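Below is one structure, written out as structure tokens; the observations come after it.
The values are calculated or read from the model by the stated rules, or taken from the named source; none is laboratory data. Please read these numbers as outputs of a predicted model, since none were measured by experiment. Cβ placement follows ideal geometry from the backbone for every residue including glycine, while neighbour counts extend to all protein chains displayed.
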Amino acid sequence: MTQSAQKLFATEALLADGWARDVAIDVDAEGQITAIKPNASSVGRERLAGPVVPAMPNLHSHAFQRAMAGLAEIAGSGEDSFWTWREEMYRTVGLLDPDDVEAIAKKLFVEMLKGGFGSVAEFHYLHNAIDGRPYADRAEMAKRIIRAAQRTGIGLTLLPVFYAHSNFGGAAPNPGQRRFVHDLDGFQDLREALTPASVETGARLGLAIHSLRAATPDEIRALVRDTNPSDPIHIHVAEQQREVDDCLTATGRRPVQHLSEIADLGSRWCLIHATHMTPDETRVVASSGAVVGLCPATEANLGDGLFPAVDYLKQGGGFGIGTDSHVATSVAEELRILEYGQRLRDQRRNRLAAPGASVGRTLFDGALAGGRQAIGMTVSNAADFVVLDGDNPFIAAATGDQILDRWIFGGLDHAVRDVMVAGEWRIRNRAHGDDERIDRDFLKVLKKLAATA
Ligand SMILES: [Zn+2]
């Protein structure tokens, strides 16, 4: 670390125990917060440009999919679903080389920072070359994600994905999946190849299992057994009704029920989507200590269904938010769609907060705690925070929880002004220092995709 210690001052800040005023924040040269003092003097301190809130972890991302956002919106036969979207995704996958993936990831990570995220868990499954063979360095693609995170300054938890089959019962992968697949030995080689890069850059590592379709129960048990006991484990589960039907046919069990019988769900686990659950399954997950990874904009875009958030939160279930396919890249938009889905279903308002509580604050606190747990960041004093725009009249006139409600429900997606990650300013006055080059490289990739459409 080469940065110097900083003495900051915020007129209002959301701290671990709630809102505080006139807050002095000391950040050391390692990017750690060493002291936070409310009711302090601003003398000798840099005055921040608006209220300060913690940076949100983004617990679910497939970076390359950012390039196809908006490209699967031509109506087909009337039965379009996740599965027709997946065909467009496979087309994109067939065209991207390592430079392309790095360019997309850099652009995306900057967009996430500007949306209020300070770190991301990348559920990375694009491993092999275009012809399906491993790269000379098996970790080539994963290292591009690490480099993109390092260059843009977003915190990274890299989750290399195990993917071996096209459906339940260990079915052989289909040609569209050739860039994703490994056997257990190949996957172990990938993980070993990644360790030095993660140590060098400070990226956290975890495990992802693509889905119950893509790994057999024996493979899931072996992967969990061979994983460092403190590493997070993520899996897509029960995202679409067809997955529930296929799982019932193959196993006699629903997906979440099946997973909970294969694995001992606990605080290491993050169940991505878990959209389709019975009340019994909801109870099991809510009491397991696991986090559910909700990606409301993507789930809406793909027509997945609605997560039973009212019941789940009432039972104390943990959750975080992710941007998954990146049809949105903002904290405010994900939290807003999460709440609005429940309102639309129930024909009621303010569904996810207790009586008298702010919905924005309840969702923000929940997603922050669950997100940190899911990306393996539970013990951290890292200076990761967002300064909202104190010149925005909506923000300037608000105080306490109203700041979050204005940001999330007032349509102020661009209220994020400055973002600090690990003690360094990554976004200042809505700009990233490398915006110009990152945009230029990203445009090249989009033109390449357009030329082959
Ligand atoms: Zn996903």
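Within region 417-434, residues that are under 24 Å from residue 393 (Cα atoms) sit with their Cβ atoms under 6 Å from residues that are among the basic types (Lys, Arg), at 6+ positions apart or across chains, in these pairs: 418/428; 419/426; 427/114.
The rows are residues; the columns are (1) surrounded by fewer than 21 Cβ atoms within 10 Å (Cβ to Cβ); (2) closer than 17 Å to residue 126 by Cβ; (3) at pLDDT below 95; (4) β-branched (Val, Ile, Thr).
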{"residue": "154", "(1), (2), (3), (4)": "no, no, no, yes"}
{"residue": "161", "(1), (2), (3), (4)": "no, yes, no, yes"}
{"residue": "167", "(1), (2), (3), (4)": "yes, no, no, no"}
{"residue": "170", "(1), (2), (3), (4)": "yes, no, no, no"}
{"residue": "175", "(1), (2), (3), (4)": "yes, yes, yes, no"}
{"residue": "181", "(1), (2), (3), (4)": "no, yes, no, yes"}
{"residue": "185", "(1), (2), (3), (4)": "yes, no, no, no"}
{"residue": "198", "(1), (2), (3), (4)": "yes, no, yes, no"}
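Of all the residues in region 233-275, those that are within 18 Å of residue 321 (Cα to Cα) and touching a Pro at 6+ places or on another chain (Cβ under 7 Å) number 4. Taken over region 140-196, the criterion of being within 22 Å of residue 250 (Cα to Cα) and aromatic (Phe, Trp, Tyr) is satisfied by 162, 163, 168. In region 316-365, of all residues being touching a Gly at 6+ places or on another chain (Cβ under 6 Å) and within 16 Å of the ligand (Cβ to nearest atom), the one that is farthest from residue 386 (Cα to Cα) corresponds to 319. Residues in region 325-348 that are within 19 Å of residue 404 (Cα to Cα), of a type in the set (Gly, Ala, Ser) and not in a helix (DSSP H, G or I): 2 in all.
With without any contact (Cβ under 8 Å) to a residue 24 or more places away in the chain and of a type in the set (Gly, Ala, Ser) as the only criterion, which of 367, 353 stands out?
Numbers: 367 fails: without any contact (Cβ under 8 Å) to a residue 24 or more places away in the chain.
The conditions single out 353.
Can you tell me which of 283, 221, 254 is away from the ligand (no atom under 16 Å from the Cβ), more than 20 Å from the chain's Cα centre (by Cα) and buried (at least 21 other Cβ atoms within 10 Å of the Cβ)?
Details: 283 fails: buried (at least 21 other Cβ atoms within 10 Å of the Cβ); 221 fails: buried (at least 21 other Cβ atoms within 10 Å of the Cβ).
Residue meeting the stated conditions: 254.
For region 288-308, the set of residues classified as closer than 16 Å to residue 369 by Cα and more than 14 Å from the ligand (Cβ to nearest atom) consists of 288, 289, 290, 291, listed by residue number.
Meeting the requirement of 3 or more residues that are farther than 27 Å from residue 69 by Cα and outside the structural domain of residue 12 (by TED's automatic domain parsing), no helices (runs of 4 or more DSSP H) wholly within region 365-453 can be named.
Residues that are within 16 Å of the ligand (Cβ to nearest atom) and more than 21 Å from residue 268 (Cα to Cα): does region 232-240 have at least one?
From region 232-240, those within 16 Å of the ligand (Cβ to nearest atom) are 232-240; that's our starting set.
Filter again for more than 21 Å from residue 268 (Cα to Cα), leaving 240.
Among the residues of region 232-240, at least one is within 16 Å of the ligand (Cβ to nearest atom) and more than 21 Å from residue 268 (Cα to Cα), which makes the answer yes.
So, residue 192, is that one within 24 Å of residue 326 (Cβ to Cβ) and out of contact with any His (no Cβ under 6 Å at 6 or more places or on another chain) or not? Write out each step before concluding.
Values: within 24 Å of residue 326 (Cβ to Cβ): no; out of contact with any His (no Cβ under 6 Å at 6 or more places or on another chain): yes.
Judged against the criteria, residue 192 is not a match.
Among the strands (runs of 3 or more DSSP E) lying completely within region 30-148, list those that include at least 3 residues that are surrounded by fewer than 22 Cβ atoms within 10 Å (Cβ to Cβ). It would help to see each step written out before you state the result.
Values: elements: 33-37, 52-54, 56-61, 117-124.
Counting at least 3 such residues, we get 33-37.
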